[in-house]
Amino acid sequence: MNTDQRRYCGVLLHPTSLGGKHGIGDLGPRAYEFVDSLYEANVRLWQILPLGPTGFGNSPYASRSTFAGNELLLSLPLLVKEGYLSEEAIASPPPFPTDTVDYSMVDAWKMPLLKESAQNFLDQEENIEEFTAFCDANKFWLDDYALFMILYEHYNDARWFSVWKKEDGTYSKEQVAKLQKKYLKKIALWKVLQFFFEKQWQDLKAYANKHEVSIVGDIPIFVAADSVDTWSNIELFKTDESGHYTGVSGVPPDCFCATGQLWGNPVYDWEAMKKDTYNWWMQRMKAQLHQCDILRIDHFRGFESYWEVPYGHKTAERGTWVKAPGSDFFKEVRTQLGELPIIAEDLGFVTPEVEQLRDENNFPGMRICQFGFSRDIADWPNPFDTFLPHNYPSNCVAYTGTHDNNTVRGWFELLEEKDKKMVMEYLGCNQKDVVWAMIRSVMASYAQYAIFPMQDLLELSARARMNIPSTCGSHNWAWRMDDRQSYDTKLMKLANLIGYYGRSGKLASEEELNHLMAQTERTKA
């Protein structure tokens, strides 16, 4: 992805986790303040999770649309500034929790205000030309998304394949045209909200880029079963003669879960996709790279082969590995879109074929420091474990943990005493300093990119964990920074390590390179 060997440091923080008094982090002032803090600390990467509107369970990886933005991320103060809401309308929010997102509570209070702002925009008739241009440019997904959200509200359920009336659940041009005419005014509101999202997000991204901060986005390989993507493109997914899903995704049983993980996302009909040179995927990739500067592909191994489970099964045990056209797909990506800044999430059951697909495309993979100690702890220490920092290759992105891991503090506290001792011996620290010792170890590694969850920089416990895979509950995706938690001092501490290990994203000067070469020659002598 990066060929000049500059070294970078980043922070993983989804916008929903920012502070504020409106119940959920958003794209407003707090986000800009966060960018300022990253810039001051010489942190050059801000990694986020998928930005789409979330569905049941609030997972960013199960979005209602792979193209749309999450309306709940819209900043109400910015809409007030634009004149689409009054100060009074947002002056008295409910007593939201300060350290978590209560999605139901936020949705009940915020969505009516957002729709009010959209109606005010339409009534004012300002920026209509810009709005019309946005609608025209995004017509290929926006029309269907707006209608889908109307039907979702109508049925109070997005399961178009089992809850909706057959005439609405079965996508056809005739029925869609009829419904668009029926719900014309309501559809316009959803389009305006997406126009607002486009403007607010692109303004924030431009501000970040101006301050030398690049956005690392995230694209899930699969889409949600109850999404507009499946409803309006059912021919791209494996179905039976009745149009019902025949297979869903997951991962097979392993030492972590005896029954595997049943994700439930419908699997692609790659042969159908290949017929139009993967057009839907190309549109998706372009849209995602419009939102971010670098793109992390979640579950990259699924492009080589994926675990397919017959639809209707309760566990992932009776699945099979099915080949995917990864090599052909990424050749087509380069043909249509050129060389892209992609990170391959190559975790899980990784085979030589997956590694070959990653390496032939020169995509950096991922290394999770926690895994170096906990994957086979009984056999530890294993000095050749690829997840230990001293073994990281240059072309990789190194983390203490990701959104799916426990915090370092929470992870460490759950270890047995003998294992804690081994971790402290490797990191050269005491129990109190283990989090920052791990951060330092990752920073000092040969990995070109080092990214840390904000929860680890703040040294938080397991209560701040972002997600527990294979579970669905209010604890997932809900963590927020309490306004009383100051992150500036932690970023300044990180800034010191960035200076020590040359991770500011700058090339070494000619003088520094000459000095390094002279040192190397003296060592050889």
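Residues that are part of a loop (DSSP other than H, G, I, E, B) and in contact with a Gly (Cβ under 6 Å, 6 or more places away or on another chain) within region 343-373 comprise 346, 370, listed in sequence order.
Against the test of being more than 17 Å from residue 201 (Cα to Cα) and in contact with an Asp or Glu (Cβ under 6 Å, 6 or more places away or on another chain), the options 66, 132, 98 yield a single qualifying residue, 98. From the list 179, 184, the one residue that fits, being free of Cβ contacts under 8 Å to residues at least 60 places away in the same chain, of a type in the set (A, V, I, L, M, F, W, C), more than 26 Å from residue 286 (Cβ to Cβ) and surrounded by 15 or more Cβ atoms within 10 Å (Cβ to Cβ), is 179. A count restricted to region 293-333 and to residues that are farther than 18 Å from residue 270 by Cβ and without any contact (Cβ under 8 Å) to a residue 12 or more places away in the chain stands at 2.
Selection within region 431-473: residues that are out of contact with any helix residue (DSSP H, G or I) (no Cβ under 8 Å at 6 or more places or on another chain) and among the polar types (S, T, N, Q). The member of this set that is farthest from residue 17 (Cα to Cα) is 448. Here residue 330 fulfils each of the conditions (1) within 23 Å of the chain's Cα centre (by Cα); (2) not in a helix (DSSP H, G or I) apart from (2). Scanning region 328-377 for residues that are over 22 Å from residue 398 (Cβ atoms) and in contact with a Leu (Cβ under 9 Å, 6 or more places away or on another chain) returns 330, 333, 334, 337. In region 234-256, the residue that is nearest to residue 321 (Cα to Cα) out of those that are touching a helix residue (DSSP H, G or I) at 6+ places or on another chain (Cβ under 7 Å) and either acidic (Asp, Glu) or in contact (Cβ under 8 Å) with a residue 40 or more places away in the chain (or both) is 236. Working carefully through the options 322, 309, find the one that is β-branched (Val, Ile, Thr), more than 18 Å from residue 363 (Cα to Cα) and buried (at least 18 other Cβ atoms within 10 Å of the Cβ). It is 309. Looking only at region 83-95, decide whether some residue is in a helix (DSSP H, G or I), more than 25 Å from residue 287 (Cβ to Cβ) and charged (D, E, K, R). Yes: one or more hits.
Given the structure, is residue 188 small (Gly, Ala, Ser), assigned to a loop (DSSP other than H, G, I, E, B) and either within 26 Å of the chain's Cα centre (by Cα) or at pLDDT 95 or above (or both)? No, not satisfied.
Looking only at residues in region 339-372 that are at pLDDT 95 or above and small (Gly, Ala, Ser), which one is surrounded by the fewest Cβ atoms within 10 Å (Cβ to Cβ)? Once the filter is applied, the top-ranked residue is 365. Here residue 439 clears all of (1) surrounded by fewer than 16 Cβ atoms within 10 Å (Cβ to Cβ); (2) touching a strand residue (DSSP E or B) at 6+ places or on another chain (Cβ under 7 Å); (3) at pLDDT 95 or above except the condition numbered (1).
Within region 29-46, is there a residue that is without any contact (Cβ under 8 Å) to a residue 60 or more places away in the chain, in contact with a helix residue (DSSP H, G or I) (Cβ under 7 Å, 6 or more places away or on another chain) and surrounded by fewer than 23 Cβ atoms within 10 Å (Cβ to Cβ)? Yes - at least one qualifying residue is present in region 29-46.
The values are calculated or read from the model by the stated rules, or taken from the named source; none is laboratory data. If you're wondering where the values come from, they're calculated on a predicted model, not measured in any experiment. In this analysis, Cβ positions are derived from the backbone assuming ideal geometry, glycine residues included, and neighbour counts consider all displayed protein chains.
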